[in-house]
1. Quote to one decimal, in nm, the extra length available between residue A:159 and residue A:145 on full extension: 0.36 nm per residue of separation minus the C-alpha distance between them.
2. What is the distance in Å between the Cα centroid of region A:138-166 and that of region A:13-55?
3. Viscosity 0.692 mPa s, temperature 37 °C: give me the Stokes-Einstein translational D for region A:254-295 in µm²/s, with Rh taken as the Kirkwood radius over C-alpha pairs.
4. Name the long-range amide H neighbours of residue B:229: under 5 Å, sequence gap of 5 or more, or other chain; modelled H, no Pro or chain starts.
5. Could you work out which residue, out of A:106, A:45, A:57, moves most in a Gaussian network model of chain A, that is, has the largest mean-square fluctuation with Cα springs under 10 Å?
6. Which shape class, rounded, prolate or oblate, goes with the protein assembly as shown when its Cα gyration tensor gives a ≥ b ≥ c as root eigenvalues, a/c under 1.5 marks rounded, and past that a/b bigger than b/c marks prolate?
7. Using θ = phi - 60° and the Karplus relation 6.51 cos²θ - 1.76 cosθ + 1.60, list the HN-Hα couplings for region A:38-52 in order, rounded to whole Hz, with x at every Gly or Pro.
8. Pop the C-beta distance of residue A:288 and residue A:90 into the FRET formula with R0 = 35 Å and round what comes out to the nearest 0.05.
Amino acid sequence: MRWIPFVLAAAVVPVFLGPGQLTVYVLLGLSAMAVVGLSLLMGYAGQVSLGQASFTAIGAYTAGLLAVHDVPPLLGLVVAPVAAALAAVVVGVPILRLRGHQLAFATLALQLILLSVLGDADWAGGAIGLQGLPYLSVFGFELNEDLHYAYLVLLGVVLTAVVASSLVRSRAGRGLRALATAPVAAEASGVPVGAYRLLVFAVSAAFAGLAGGIYAFFVGYLAPGSFPVLLSIEYVVMAVVGGLGSIAGAILGATLITLLVQALTSLATQPGMPGYAPGVLSYAVYAVLLIVIVLFVPRGVVPTLSRRFRRETSPGRPAPVDPAPARARPGAGR
Amino acid sequence: MTALLEVRGLTRRFGGIHALRDVGLDVREGETHAVIGPNGAGKSTLFKLIGGQLAATAGTITYAGRRIDHLAPHRRARRGIAIAFQDAPVFHGMTVAENAMVGAHAVTSAGPLSAVLRLPRHRRDEQVIRTAAAHALRRVALHELADQSAESLPLGRQRALQVARALCGRPRLLLLDEPASGLRGPERTALAALIEDLRGEGMSILLVEHDVAFVARLADRVTVLDLGAVLATGTYQQIRSDPAVIAAYLGGHA
Ligand SMILES: Nc1ncnc2c1ncn2[C@@H]1O[C@H](COP(=O)(O)OP(=O)(O)OP(=O)(O)O)[C@@H](O)[C@H]1O
Ligand SMILES: [Mg+2]
């Protein structure tokens, strides 16, 4: 329950935000949802996905297309993560056999293919995309203000964080964490390695898909360009900055990077800056950040800080603990 | 006594190297069976074939009356085969208790959905897992370190942790690949006592060990491997007087 004060603080913030800032808040929350999933995937299944925004796109287009065909938006929002998870299962079966860089490239290729298919598909509006999507309405209440979406997104972040942390603390989660560092020993202990890798991939896709669904109703239009490869890279940078396999880290990483990108964008759109400045600056900053993190804080920000904190608050060896079974408590993320 | 594990004609090549050549071996229900042989004899390869970490080039493995050589390792674990590897890997970023708990995977089944929804099944399994882990850790005298991080343990204790993890799966057949290597005197004695206890409880054990005294004390039967082939099988008394074994392995000791 340590996280309750943070949720309360996050719930107070939107009240004080102007319209533009509320948009940033919503986008930040959507990124955080996707990054919580990606952090699980990278931290526990040991897989890097450079195409995670594919699943955001699949969720968004699912919600958008259903809405265009007069399916109630709430139903579309529920189907969005399911569609993304199904897509992950379908592509995951062949792709998860690949390791390391190969998987990163395969997921990247996947996103490029998806974007080009969407760009050519008449049923998805082609390059123009889907326009004039309705607002989300929940049992007759229409969410038609940015503030509504801010709270919806907060709910989404809490939901993904709760699902992720109960997953990590469970039997399956221990299996996942085990296979992250010693897959052979994990499998010999009865952990179905292949199925679990697929499971985290599907869960990570579902989180991204849910974020995509909310995005569709928040923004009201979708185009292939809404989900560039840069978004996938942004997710990876957020996950790495926060610390892989750390749920709090994923959220903090998303926050830090979003704020940084905001600052850069306002810098890059100053008069006299060329039109390509925002894009180039973002790529440059991501590259520099990745290098700095890998060199100096390889565990990511949150795990490093919490480690340091623990060391300072508990001088000397940790005392032996009561061996009673109830104390054999699974820890949080790594 | 019937054989719990029957290995027949087992062969494994790595490129040009015959790591195992037409190996036959039985582990009877309830016996402690040692596999000895010089470095590179193929002992670990044999264990990995039985555990499913490696696939055989030829031959069959029958366990409890059924062929298991086509099964994935985690399925063999569910059937009751547990293995503690020679290189004793522990799971990093997890406590000693959590490491042991992973071993209980083989005897529980609560899925991720039941954990997220906190179904009774999840809670029941968690209880089973915690009890099993606490029990197993006590058996290897690691219970006082339950909340420490596993990778901070000295190597000998990591080995013990691997044994605890294996025990958490309540195996019917336990494979121990050099569990005593790197252990100090008292730890060694404790391990021998544990193996005797497990045997007393009816567990079948396949054990690789270089220490002849250790083998002589624990093993009902011994199989001697050399260059991937079986040289002899029998009681320790029988194999120590086998001329081929004396020539190839025991040499000066016998
Ligand atoms: N993955 C592998 N690739 C190639 N050769 C291998 C592999 N694993 C084992 N070998 C070879 O197979 C032979 C048997 O190795 P194995 O590890 O089974 O021996 P061992 O009896 O366990 O030895 P030790 O007592 O040193 O543990 C050796 O010649 C080894 O070099
Ligand atoms: Mg060996």
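Read-outs: derived from the displayed coordinates by stated rules, not from any lab. Being a predicted model, the structure only gives us computed values, none of them experimental. Using ideal geometry, Cβ is built from the backbone for each residue, glycine included, and neighbour counts are taken over all protein chains shown.
1. 2.9 nm
2. When both Cα centres are located, 13 Å separates them.
3. Details: Rh = 10.8 Å.
My calculation gives 304 µm²/s for D.
4. B:21
5. With Cα springs under 10 Å in chain A, the top fluctuation among A:106, A:45, A:57 is at A:106.
6. Details: a/c = 2.51, a/b = 2.14, b/c = 1.17.
Here the protein assembly as shown falls in the prolate category.
7. Result, rounded to whole Hz: 5, 5, 4, 4, 6, x, 9, 8, x, 10, 9, 10, 9, x, 4.
8. Details: r = 36 Å, r/R0 = 1.03.
For R0 = 35 Å, the calculated efficiency reads 0.45.
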